[in-house]
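Student: What follows is a single structure, and I will ask about it in a moment.
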Amino acid sequence: MTQHRSKPLINTRPVERATALSKALQALGYSVYELPLLSLEAIALDAELHAQFAQFKDAEIVVVVSPIAVELGMQYASQCNISLAELQKKKWIAVGQSTQKALAKYKIDSQCPTVETSEGMLQLPILKEIIAEQSPSNAQQHAQSLNIAFWRGIGGRTLMMDELIAQGCTVLNILLYRRAMPNYTIEGLKQLAQQLPATILISSEQSWKNWQQLTTQLVEHAIVSKDIFSENQYVVLGDRVSQVLRDDLFPDYRLQDHLVDSAQILTVQHLQANEIDSVVQNRNNVE
């Protein structure tokens, strides 16, 4: 039987996405503490969204960034008299496997990147072809730009949209929900402190920023000493967010031994229990 790190593993995914991963990690022997760093709040179907869904009928490709975006998008499309048959005729891109499964419930096939990040999505053949075709050198061959719709939340996945806009695509940015930081009471902060030091799952730049806010509150309320955070370990989704953590935790890391940050920052390309376990175990074997 493999020996797992004695530190608790803190799953910071939103409530809607945490359960399955927590159960899978627990099955591997981890002590999992759920601490959502983002809460997802639906945006009401108002006049602006109605107008966007009217334009959405012309979209050839739809990029969906999360399961909640699937559910809200499908609900609002139906309320705007867009049939499932119409939706199934479009080309779909899902940011990850959980989003792909959510689309499959509606009998919609989608492409999903190997690396479940915006950078990974830009490597999908369908998008690489779009970027190549929309480039200035091919502009004369395309009298009309490609219409691409995004189903997303406020504040997320802008890298991909920016790249497509820069290449001449017409992007319809449909915002379906807000991402907010949950409000933790002093009692909640004390419960968190009991889990530290820990292995902490960080899945986005926003969740990292929210984690930093929580740690500041812990110190300001004299619940923990700042020194305890140096013992934390972070399992981070994707190279870009890992770089954000390096820049914040080790601003001079390029002048240091590169092993300094590798002990604390472990990068995964998928939010899957086996991959998380693999990087943690590999790190344990080094220690």
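The values are calculated or read from the model by the stated rules, or taken from the named source; none is laboratory data. Just so you know, these numbers come straight off a predicted model, no measurement behind them. Don't worry about glycine lacking a Cβ; one is built from the backbone with ideal geometry, like all the others, and counts go over all protein chains shown. Ligands, DNA and RNA are stripped out before the accessible areas are found, and what is left, the full protein with its side chains, is counted by its heavy atoms. Shrake-Rupley method; radii C 1.70, N 1.55, O 1.52, S 1.80 Å.
Student: Express in nm, to one decimal, how much length is gained between residue 78 and residue 43 on full extension, taking 0.36 nm for each residue of separation and deducting their alpha carbon distance.
Tutor: Working: separation 35, 0.36 × 35 = 12.60 nm, distance 1.58 nm.
Extra length available between residue 78 and residue 43 comes to 11.0 nm.
Student: Starting from the coordinates of the alpha-carbon atoms of segment 1-116, obtain the Kirkwood hydrodynamic radius over all distinct pairs and give the value in Å to one decimal. Write down the numbers at each step before the final one.
Tutor: Values: mean 1/r = 0.0614 Å⁻¹.
With all distinct Cα pairs of segment 1-116 included, I get 16.3 Å.
Student: What ³J(HN,Hα) values, in whole Hz, does the Karplus curve 6.51 cos²θ - 1.76 cosθ + 1.60 give for segment 170-179 when θ = phi - 60°, with x put for Gly and Pro?
Tutor: In residue order, the calculated couplings are 8, 10, 9, 9, 9, 8, 10, 7, 9, 10 Hz.
Student: Please report the accessible area of residue 187 (heavy atoms, 1.4 Å probe, ligands and nucleic acids excluded) in Å², nearest 10.
Tutor: 110 Å²
Student: Karplus couplings for segment 181-189 from phi (6.51 cos²θ - 1.76 cosθ + 1.60, θ = phi - 60°), rounded to Hz, Gly and Pro as x?
Tutor: 8, x, 8, 9, 6, 4, 4, x, 5
Student: Along the Cα→Cβ direction, 7 angstrom out, place labels at residue 228 and residue 54. What is the inter-label distance in nm?
Tutor: Result: 5.5 nm between the two label points.
Student: Further question: Say each of residue 154 and residue 213 gets a label point 7 Å from the Cα, pointing the same way as Cα to Cβ; how far apart are those two points in nm?
Tutor: With each label placed 7 Å out from Cα toward Cβ, I get 1.3 nm.
Student: 5 Å is the cut-off here: which amide hydrogens, built 1.01 Å from N in the peptide plane, fall below it relative to residue 267, excluding neighbours closer than 5 in sequence?
Tutor: 236
Student: Under 17 Å from the Cα of residue 226, which lysines turn up, not counting those fewer than eight places away in the same chain?
Tutor: Candidates past the 8-residue exclusion: 190, 209.
Student: Another question, if that's okay. List the lysines whose alpha-carbon lies under 24 Å from that of residue 90, not counting same-chain residues fewer than 8 positions away?
Tutor: Straight-distance partners of residue 90: 57, 101, 105, 107, 128.
Student: Please list, ordered by chain and number, the residues whose modelled amide H lies under 5 Å from the amide H of residue 39; skip anything fewer than 5 residues away on the same chain.
Tutor: 180, 181
Student: What's the percent breakdown of Cα-Cα distances in segment 58-100 across 5 Å bins, shortest bin first?
Tutor: Result returned by the calculation: 6, 22, 31, 30, 10, 1.
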